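Everything below concerns the one structure shown next.
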Amino acid sequence: MGMKPLTLETIARVTGGKYVGDDILKKTCITGVVKDNREAYEGCLFICIKGERVDGHDFAGRAFDAGAACCLAQRPLDAPRGPYVLVESTLQALKKLGKYYRSLFSIPIIGVTGSVGKTTAKEMTAAVLSQKYNVLRTPENLNNEIGVPLTLLSLKEEHEAAVIEMGISEFGEMSRLADMVRPDICLMTAIGYCHLETLGDLNGVLKAKSEVFRYMKPSGLAVMSGDDALLGALDPGVRKITFGLGEHNDYRAENIKTHGSSGVSCEIKNGDACVSVLIPAFGSHMVLGALPAAAIGRELGLTDEEIRLGLLNFSTVGSRANIFDTGYITLIDDCYNANPNSVTASILSLCTLPGRRVAILGDMLNLGRDSDELHRGIGILAARSGVDCLICCGAQADAIYKGLISTGLEVEGWHFPLKDAFLSVLPSLIKKGDNVLVKASHGMHFEEITEELKKLS
């Protein structure tokens, strides 16, 4: 089984576009949707997107060569080798198509948002639900206004549930995403310090993310962090379940134990019910992804055993809290992204490991006017939590270093404004047997540092 039927004629109607091509082919059903001609295949729809550097319209011919059934274009194509639908904006048309195609499904769709831990919660929820259902999940981090409709358009007849990540950076963006996703369940992780340069403050972040609730049915469900003061007090207008460590939460974690690289275990309690789980990922904060996954699993009819097995089958994505023994050091590669919430969690998890603890921290980007203060707070936290050596790399990371110095504690500290300068002395700062955490915003490209750490011997 593949896609639900979506003909070229329907695509033109839904997008408000003009069909250009042989009328005989109008009833052709597409087999999928791609935006990169290198991923085109027999029967697919190729979306011509004009980017900053590359214009997809220039690659329509190659998409047809690869077997594409049709293209979606916002300007006439030169000598097209197949039919195309001409629209005013391919981006807007893609969103209209994603919204329409989602409406053909009556399966439970879970929308995942929040400032920290979105992808982890998404993956854990999908891992749990996969014990009972055929689940579609957002691949990698395709959580924006292009990635979300492409994910929706990858739904197949055989899918029985979908877990869709929704990432935003400005007001109105969540409305545009939620209008397509129309989640039956909204999972909202903590509200934290991200995109403050566009959203202002934490109340702005909450307001922007709460746009999602306007696009849910009255029968919908909100699953949100009850430890977060803003979310705990929020009335989403639909039924609400809270999770966290506080006793007031509907789902709470107790007896949390870290087992180094083996993972973290806990008991998930809901009223009188209790299920013991092991999450094979590094860091006690991982339980904050397991709690909503268990709550949603139970809401959708899973047994405790299915929930336990689902969490046991969870695996991290990309450079998210991957912990491994290189033979020289224990490396915690967590350089996918960083904000004060996630960096705090990573430092506290590092400090549960026995042996020398080294934190290599970089700039946390897009924090707005409070950036210096937030970076400084991380330095203070690192010093007081038990980090033995703190290496700060980047222009804004200078404030992390200053925070460390301000404590007066005898912790080895370094600041390198430039990554190259640090890489040249890195081997002399790291000792055999060290536990080394690498954490920074994605734009800092700290994967270069993790690659050098892997070479140490």
Handout entry: For peptides 54-67, 278-291, sequence by mean Cβ density within 10 Å, most packed first
Key = 278-291, 54-67
Exercise for the section: Enter the Cα centre distance for the pair segment 344-395 and segment 158-189, rounded to the nearest angstrom. Expected result: 31
Handout entry: Cβ-based net charge around residue 159, under 15 Å, with every Lys or Arg adding one and every Asp or Glu removing one
Key = +1
Problem - Span per principal axis, largest first, for the Cα atoms of segment 308-391 (Å) - result: 43, 28, 22
Practice task
Would you mind giving the three semi-axes, in whole Å and largest first, of the ellipsoid equivalent to segment 356-420 according to its Cα gyration tensor?
Solution key: 18, 14, 9
Exercise for the section: Give me the distance between the Cα centres of segment 234-282 and segment 1-44, rounded to whole Å. Expected result: 44
Practice task
Could you please rank 434, 22, 179, placing first whichever residue has the fewest other Cβ atoms within 10 Å of its Cβ?
Solution key: 22, 179, 434
Exercise for the section: Could you tell me whether segment 119-172 comes out rounded, prolate or oblate from its Cα gyration tensor? Rule is a ≥ b ≥ c as square roots of the eigenvalues, rounded for a/c under 1.5, then prolate if a/b exceeds b/c, otherwise oblate. Expected result: oblate
Completion exercise
Taking the dipole of the chain about the Cα centre (Lys, Arg +1; Asp, Glu -1; charges at Cβ), the one of 8, 344, 450 that reaches farthest to the positive side is 8
Exercise for the section: Looking at the chain, send over the antiparallel percent of its DSSP beta bridges, to the nearest 5. Expected result: 30
Handout entry: Using distinct alpha-carbon pairs, which all enter the 1/r mean, Kirkwood radius of segment 8-90 in Å
Key = 12.3
Problem - Inverse mean reciprocal Cα-Cα distance (Kirkwood Rh) of segment 322-455, Å - result: 14.3
Problem - 446, 46 arranged by Cβ crowding within 10 Å, fewest neighbours leading - result: 446, 46
Practice task
Report Rg(Cα)/(2.2 N^0.38 Å) for the chain, keeping two decimals.
Solution key: 1.05
Fill in the blank from the handout: In segment 105-312 the DSSP beta bridges are antiparallel at a rate, in percent to nearest 5, of 35
Handout entry: Cα radius of gyration and Dmax for segment 67-206 (Å)
Key = 16.8, 52
Fill in the blank from the handout: Relative contact order in percent for the chain (Cα pairs under 8 Å, 6+ apart) equals 11
Handout entry: Where Rh is the Kirkwood radius over Cα pairs, Rg/Rh for segment 163-295
Key = 0.99
Practice task
State the antiparallel share, in %, of DSSP beta bridges confined to segment 322-455, rounding to the nearest 5.
Solution key: 15
Practice task
Hand me the GluC sites (Glu not before Pro) from segment 202-260 located in a DSSP loop with no more than 14 other Cβ atoms within 10 Å, in residue order please.
Solution key: 247
Problem - Violating pairs (Cα-Cα greater than 20 angstrom) within the set 419/455; 402/431; 99/132; 4/27; 99/217; 4/217 - result: 402/431; 99/132; 4/217
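We did not get these values from a lab; they are worked out from the coordinates using the rules stated. Predicted model, so just to flag it, every value in this text is computed and none were measured. Positions of Cβ are backbone-derived with ideal geometry, glycine not excepted, and every protein chain shown enters the neighbour counts.
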